[in-house]
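The values are calculated or read from the model by the stated rules, or taken from the named source; none is laboratory data. Bear in mind the structure is a predicted one, so any value in this text is a computation, not a measurement. As a convention, Cβ positions derive from the backbone with ideal geometry for all residues, glycine included, and neighbour counts pool all protein chains shown. Please note that ligands, DNA and RNA were not included when accessible areas were found on the heavy atoms of the full protein model with its side chains. Shrake-Rupley method; radii C 1.70, N 1.55, O 1.52, S 1.80 Å.
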Amino acid sequence: MMVPAVLLVLGVLTALVAPSLLARADWTDREPVVALWVWQCVVAAVLLCFGLSMVLSASAAWSAVRGRVFAGAPHGVADAYALGEGGTWAAGTALVLALGGLWTAAMLTGEVLRARAGRRHRRAELRERAPLLPGERPAAGDLVILEAPRPDAWWLAGTDPRLVVSTGALRRLKGRQLDAVLAHEQGHATARHDWLLHCAGALAGGFPQVPVFAAFRAEMHRLVELAADDVASRRFGRLTVALALVELNEDKGVFGPGAAPQSHVPERVRRLLAAQPRLTAFRRLRLTAAAALVPAVPLLVAFAPGLSALG
């Protein structure tokens, strides 16, 4: 019965310690794509810890579950876990973790449904404000010009995606700045950042007191913007992207002393103008490989007794 407890403790420690460790890292702004990967691996490790602990706790509490979990295992593997000693503690742990899993699924479903409803509403509003011409057929990825004085541009995701740019943005952006904004939004679409934000929002909304999930949502909103900025700057230059950000946002009050604390635009502009060098390819590879090993730790803990029995 030690393995479920070890997995549970490991998951709790990861959820508590990982956000502070990543917050102290000095490379995340220089390599946002690698940082996104690291965060996903950390969250996957936490979920794996709790999921595996739930399965093994349920196996310790109920023989029917144990029979299904170890149905195809060789002789001696189930005995190596000593699951017959769980009792009430194992049943309670399994039920609590199972409820947490159901709540996570419910929150993710709600997040997806809300996103779909929001897209339908925005799409209907877009059809009303920018109707198709007679005989015109929409195509995925079309650029839609929206009559609006406020400079803005966004990617409308979904089965029929659209790239929307306001006339205010067309008047404000100069030269290749518009191309840089379009490349930024296309970077979001290519990397499917909307799905990443939905998952982060569901976890943080379902478990607001868990530090790793709250930090995961906050960092995803920041890092996806940095990653899309890098996509645009590689094509059009950092200065062009920074000037485009200023032109789009200078009337929104994000640069003044009363700017909203969740606004990352000034930080993005400073980062682009600072033009810090990227990490070396070897260090990026090392960070990527190390992050991939994080979810492997709970798997190793869970399968170690069985592998030892086979050995």
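Values computed for the structure shown
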| item | result |
| --- | --- |
| Tally of residues being surrounded by fewer than 18 Cβ atoms within 10 Å (Cβ to Cβ), out of contact with any strand residue (DSSP E or B) (no Cβ under 8 Å at 6 or more places or on another chain) and either touching a residue at least 24 places away in the same chain (Cβ under 8 Å) or not in a helix (DSSP H, G or I) (or both) across the range 158-175 | 5 |
| Some residue of the range 90-101 being modelled with pLDDT of 80 or more, under 30 Å from GLN186 (Cβ atoms) and of a type in the set (Val, Ile, Thr) | no |
| Listing of helices (runs of 4 or more DSSP H) fully contained in the range 54-132 that carry 1 or more residues being open to solvent by 40 Å² or more (accessible area, probe 1.4 Å) and under 30 Å from GLU147 (Cβ atoms) | 87-129 |
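A quick yes/no check of all residues on (1) free of Cβ contacts under 8 Å to residues at least 60 places away in the same chain; (2) within 30 Å of LEU272 (Cβ to Cβ); (3) of a type in the set (Gly, Ala, Ser):
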{"position": "THR14", "(1), (2), (3)": "no, no, no"}
{"position": "PHE50", "(1), (2), (3)": "yes, no, no"}
{"position": "ALA64", "(1), (2), (3)": "yes, no, yes"}
{"position": "ARG116", "(1), (2), (3)": "yes, no, no"}
